[in-house]
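S.K.: Encoded as structure tokens, here's the structure I'll be asking about.
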Amino acid sequence: MEATAKVTYVRIAPRKVQIVLDLIRNKPVEEAMAILKHTPKAACEPLAKLLKSAVANAETNKNMDVTRLYVAQCFVCQGPTLKRIRPRAQGRAFRINKKTSHITMVLKEAE
């Protein structure tokens, strides 16, 4: 039995999200939430929100025991890139790529 939560089009680069996801993979939910709360990374805020959503899904939809949940899977995929133009000297223009992420989290009950 597993519960999933997904967030799409998060305006943060997937490389930055991946660093934080590696910290919480295969950890109990309480420990993962503590790690997210005390890690000074921008990706922690949407990930904490996603973890709360996954726990709520497990509790309400699947009737799982919240105290025995752990982060079984978590991964990030790259979403569409927002392409922006930055004016530069002598009439040139540099492109700025603003990347987005699709993040998925799967919770399971410990045996």
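S.K.: Condition (residue is at pLDDT 95 or above, crowded, with 17+ Cβ neighbours inside 10 Å, farther than 20 Å from Met1 by Cβ and under 16 Å from the mean Cα position of the chain (by Cα)) applied to the range 64-78: is it met by at least one residue?
M.R.: Yes, the range 64-78 contains a residue that is at pLDDT 95 or above, crowded, with 17+ Cβ neighbours inside 10 Å, farther than 20 Å from Met1 by Cβ and under 16 Å from the mean Cα position of the chain (by Cα).
S.K.: Now, a different point. Would you tally the residues in the range 1-41 being without any contact (Cβ under 8 Å) to a residue 40 or more places away in the chain, surrounded by 14 or more Cβ atoms within 10 Å (Cβ to Cβ) and not charged (D, E, K, R)?
M.R.: The number of residues fulfilling the criteria is 7.
S.K.: Quick check, is Asn63 of a type outside the set (A, V, I, L, M, F, W, C) and on the phi > 0 side of the Ramachandran plot?
M.R.: yes
The values are calculated or read from the model by the stated rules, or taken from the named source; none is laboratory data. Please read these numbers as outputs of a predicted model, since none were measured by experiment. All Cβ positions, glycine included, derive from the backbone under ideal geometry; neighbour counts span all protein chains shown.
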